[in-house]
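The structure appears right after this line, and notes come after that.
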Amino acid sequence: MKNLSQMLKQAQEMQSKMAEMQTALADLEVTGQSGGGFVTVTVNGKGDVKRVKIDPKLVDPNEVTVLEDLVVAAARDAKTKADAQMQEQMAKLTGGLQLPPGFKLPF
């Protein structure tokens, strides 16, 4: 029984740390870029796009499709970086605890 109460205590501590991490992720901002820095997209830790910046040199009515593709690529880059940081934080939180496949924390 002692092990069970210790496990429950650890689970409660992990739950508290996860809540703190979720709050921190909402405040985290990661910027991705494409086109050699002509397009940048900033997302929060949850992958929500916060800002898009486009170098004025790219605005050409004949190149709208290219510009759209660059924005998508920059958003993808920012999301990848945010996901990597989230995984790094989760690894620190779980202390190397191997979770079952498909079991995702905190989302």
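What follows draws every value from the coordinates through simple rules; no lab data is involved. Just so it is clear, the structure is predicted and the values come from calculations on it, not from any experiment. Every residue, glycine among them, receives a Cβ derived from its backbone with ideal geometry; neighbour counts consider all protein chains shown.
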Which one of Val52, Val66, Val43 has the biggest mean-square fluctuation once the chain is modelled by GNM with Cα springs under 10 Å? Val66
For the stretch 28-80, listing trypsin sites (Lys or Arg not before Pro) in a DSSP loop whose Cβ sees at most 15 other Cβ atoms within 10 Å gives Lys46
Report the extension gain between Val64 and Met90 in nm, rounded to one decimal, defined as 0.36 nm multiplied by the number of residues separating them, less their alpha carbon distance. 5.5 nm
Tell me, what is the Rg over Rh of the stretch 27-89, with Rh the Kirkwood radius over Cα pairs? 1.04
